[in-house]
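A quick write-up on the structure given underneath.
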Amino acid sequence: MSAQTDRFFVLTGGPGSGKSTLIAALERAGHACMPEAGRAVIQDQMRIDGPALPWRDPAAFAELMLGLDMRSHAMAGAAPGPVFFDRGVPDVPGYLALTGLPVPGHMQRAAETVRYNRLVFIAPPWPAIFGQDAERRQDFDEAVRTHAAMAAIYGELGYELVELPLAPVEARLAFVRAHLPFACGT
């Protein structure tokens with residue numbers, strides 16, 4: 001891991017667990033943040049009635065997510081200080097494993113070589129805040145399975161998972177910020 005990627009922090013977990021809300025709070029607090037690729041792909045594909053939607057072509061959806069996640073990682077280098085990612089490159093092979101599709105070699109290599117800080121924040125399933133919308137069609141059971149798939153892939157890649165508390169966003173923000181000195185070795 002380089003000093004550069006040591007300041008890159010992933011927030012992962014299942015859908016509807018408060019990741020994007022926490023990312024927004026981190027951004028309001030002055031931290032650089034990178035958006036979730038999956039939601040962006042879904043929005044773009046829905047706008048053009050495209051084929052690369054998770055309910056139409058999960059493999060094509062994964063390819064587009066990988067490209068956006070790799071671009072976000074490359075762009076994050078220009079930002080000062082810690083950078084927070086709403087999901088990371090390893091989420092893509094985690095997603096494919098969840099759907100039962102094989103993980104192509106290039107995606108596995110990307111997950112192994114595009115690195116982040118060793119601490120990965122994972123949002124546990126949280127029924128009290130879970131919700132669906134036009135872009136998030138998964139039910140709560142799939143959210144639980146997604147959480148397990150993300151925990152498995154990040155663990156396999158040598159990351160240390162730090163579970164976020166089931167708490168209001170302000171408490172989650174304080175929790176993440178309290179881990180930064182430890183995570184960055186300061």
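Counting only helices (runs of 4 or more DSSP H) that sit wholly inside the range 67-171, those with at least 2 residues that are surrounded by 13 or more Cβ atoms within 10 Å (Cβ to Cβ), in contact (Cβ under 8 Å) with a residue 40 or more places away in the chain and touching a strand residue (DSSP E or B) at 6+ places or on another chain (Cβ under 6 Å) are 140-156. Among the residues of the range 66-112, those identified as at positive phi and over 17 Å from the mean Cα position of the chain (by Cα) are G81, G100.
Taking the range 1-60 as the range and being of a type in the set (V, I, T) and part of a helix (DSSP H, G or I) as the test, the residues that pass are T5, T21, I23, V41, I42.
Quick one: in the range 28-53, of everything that is without any contact (Cβ under 8 Å) to a residue 40 or more places away in the chain and closer than 30 Å to V176 by Cβ, which residue is surrounded by the fewest Cβ atoms within 10 Å (Cβ to Cβ)? Only one residue tops the list, namely G30.
Laboratory data are not the source of any read-out in this text; all were calculated from the coordinates shown. Note that the structure is predicted; figures quoted are calculated from it, not measured. With ideal geometry, Cβ positions are generated from the backbone for all residues, glycine too; neighbour counts draw on all protein chains shown.
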